[in-house]
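Worksheet: the structure to be examined is printed underneath.
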Amino acid sequence: MKIISVVGARPQFVKLAPIHAAAKAAGVEHVIVHTGQHYDPMLSDVFFEDLGIGAPDVHLGVGSGSHGVQTGAMLAALDAVFDEHHPDWVLVYGDTNSTVAAALSAVKMHIPVAHLEAGLRSFNRRMPEEHNRVMTDHAADLLLAPTQVAVDHLATEGLAARTVLVGDVMTDVLFEVRDELAGAPSALLDELGLTPDGYYVATIHRAENTDDPVRLGDVAAALASLDKPVILLAHPRVVAKAASHGISLTQGALIAHAPLAYKDLIAAALSSAGVVTDSGGLQKEAFLLGVPCTTVRTETEWVETIELGWNVLANTATEIAAAVTRPRPVETDESPYGDGKAAQRVVAELIIGAGGAGGA
Ligand code: UD1
């Protein structure tokens with residue numbers, strides 16, 4: 001039995017790590033294809049090295065471009081890869097351009113497609129990720145849902161028969177890294193002269209917050225006026241957009257910093273007073289680490305974090321300031337994101353779907 005995982009963007013490398021380990025443990029052949037959507041070493045190589053994945057088997061080197069150019073280049077390159085490897089499954093992750101390209105290429109070649117993190121919805125059709133996830137769910141043969149809410153969305157769209165609730169693989173890797181860190185302080189404390197609970201960690205990269213100069217200027221000003229230093233782990237997209245809009249990402253309380261490797265990010269979040277983000281993954285990671293989160297978006301796919309009080313949506317400077325200084329949320333023992341064993345379930349489902357040929 002052979003699985004091809006197609007990944008291209010930073011959060012997908014994190015999700016790939018537990019899948020790769022589970023495939024290996026089950027004796028399943030696992031071919032890793034990196035589309036090249038993310039290519040900066042701090043968005044790519046560092047994850048493969050630190051999370052024990054090893055180098056990708058195939059690298060398409062597609063790089064950046066408009067949505068059509070980037071997705072089209074991946075589509076053009078993937079046919080030959082799938083043709084050469086003849087996998088039992090193509091496994092795609094999340095909602096990026098790499099995901100929709102691989103799903104489309106594989107279904108056209110009649111190769112079964114499994115979608116990890118299926119069923120997420122923001123219901124915001126201006127987000128590129130919303131189109132990607134809806135199209136991928138409807139194209140795929142097996143929908144591996146991380147949460148009950150995702151299962152319900154898929155049922156509403158008539159996709160219940162193809163859906164399995166497996167839990168969230170991000171929980172698998174996060175719990176492992178948290179335990180490995182064993183409370184070790186973040187290297188950011190020494191580097192930037194910070195104290196535990198004396199700063200916020202921020203990430204902002206979504207098109208909705210970065211592409212319009214007025215919006216990015218407002219977000220930067222809101223973070224700059226917070227009551228503690230705000231360490232902005234700046235994705236290349238926000239750096240590029242800020243430079244072209246003439247906006248400084250180091251002003252007032254706001255301090256721009258290069259992106260961190262996964263373990264360093266988790267350590268930085270754990271030592272912080274809170275996280276301010278528009279990333280999907282970080283909202284969940286903050287919740288699972290017991291760190292209050294403020295999300296700079298008008299909606300979120302991870303509604304459980306909001307319902308349980310650990311995440312607040314905030315967009316204006318006033319809303320953001322109020323959200324980050326809110327009282328600590330009530331502790332919860334709810335675990336909407338699974339038990340840390342989702343990857344084993346994913347591989348088991350793929351083996352069943354391929355006719356039980358694990359280890360072959
Ligand atoms: C992509 C995903 C988004 C995910 C994010 C994780 C899509 C539509 N979006 O957004 O869902 O949350 O990855 O980080 O697939 N750039 C670099 N170096 C890189 C990569 C990007 O400089 O290694 C810059 C380029 O200017 C590029 C821009 O960032 O044009 C945007 O990159 P792209 O991959 O298109 O989207 P992300 O914003 O990273």
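Answer yes or no as to whether residue 171 is closer than 29 Å to residue 273 by Cα and of a type in the set (S, T, N, Q). Answer is yes for this residue.
Taking each residue of the range 98-109 that is free of Cβ contacts under 8 Å to residues at least 40 places away in the same chain and looking for partners that are of a type in the set (Ser, Thr, Tyr) and crowded, with 24+ Cβ neighbours inside 10 Å with beta-carbon atoms closer than 6 Å, six or more apart or interchain, yields 100/136; 103/136.
Scanning the range 257-277 for residues that are in a loop (DSSP other than H, G, I, E, B) and surrounded by fewer than 24 Cβ atoms within 10 Å (Cβ to Cβ) gives 258, 259, 260, 261, 273.
The rows are residues; the columns are (1) more than 15 Å from residue 11 (Cβ to Cβ); (2) within 16 Å of the ligand (Cβ to nearest atom); (3) of a type outside the set (D, E, K, R).
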| position | (1), (2), (3) |
| --- | --- |
| 103 | yes, yes, yes |
| 132 | no, yes, yes |
| 145 | yes, no, yes |
| 166 | yes, no, yes |
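Of all the criteria given as (1) charged (D, E, K, R); (2) buried (at least 18 other Cβ atoms within 10 Å of the Cβ); (3) farther than 26 Å from residue 282 by Cα, the one not satisfied by residue 141 is (2).
May I ask you to verify whether residue 202 is loosely packed, with under 15 Cβ neighbours inside 10 Å and small (Gly, Ala, Ser)? Judged against the criteria, residue 202 is not a match.
Residues that are more than 25 Å from the chain's Cα centre (by Cα) and touching a residue at least 12 places away in the same chain (Cβ under 8 Å) within the range 70-86 comprise 79, 83, 85, 86, listed in sequence order. Looking at 168, 88, just one residue is buried (at least 23 other Cβ atoms within 10 Å of the Cβ) and within 18 Å of residue 343 (Cα to Cα), and that residue is 168.
Considering only residues that are assigned to a strand (DSSP E or B) and within 12 Å of the ligand (Cβ to nearest atom), look in the range 1-53 and name the one that is farthest from residue 170 (Cα to Cα). Once the filter is applied, the top-ranked residue is 34. Of the residues 163, 195, 156, the single one that is under 22 Å from the mean Cα position of the chain (by Cα) and hydroxyl-bearing (Ser, Thr, Tyr) is 163. Return a yes/no flag: does the range 76-97 have any residue that is touching a helix residue (DSSP H, G or I) at 6+ places or on another chain (Cβ under 8 Å), within 16 Å of the ligand (Cβ to nearest atom) and more than 28 Å from residue 234 (Cβ to Cβ). Yes, the range 76-97 contains a residue that is touching a helix residue (DSSP H, G or I) at 6+ places or on another chain (Cβ under 8 Å), within 16 Å of the ligand (Cβ to nearest atom) and more than 28 Å from residue 234 (Cβ to Cβ). Here's a check for you: in the range 205-256, which residue that is in a strand (DSSP E or B) and away from the ligand (no atom under 16 Å from the Cβ) is farthest from residue 195 (Cα to Cα)? Top of the filtered list is 251.
Taking the criterion of being out of contact with any helix residue (DSSP H, G or I) (no Cβ under 9 Å at 6 or more places or on another chain) and either away from the ligand (no atom under 16 Å from the Cβ) or outside any loop (DSSP other than H, G, I, E, B) (or both), the residues of the range 58-75 that qualify are 59, 68, 69.
Quick note: the coordinates plus some simple rules give every number you see, no bench work behind them. None of these values were measured; they are calculated from a predicted model. Using ideal geometry, Cβ is built from the backbone for each residue, glycine included, and neighbour counts are taken over all protein chains shown.
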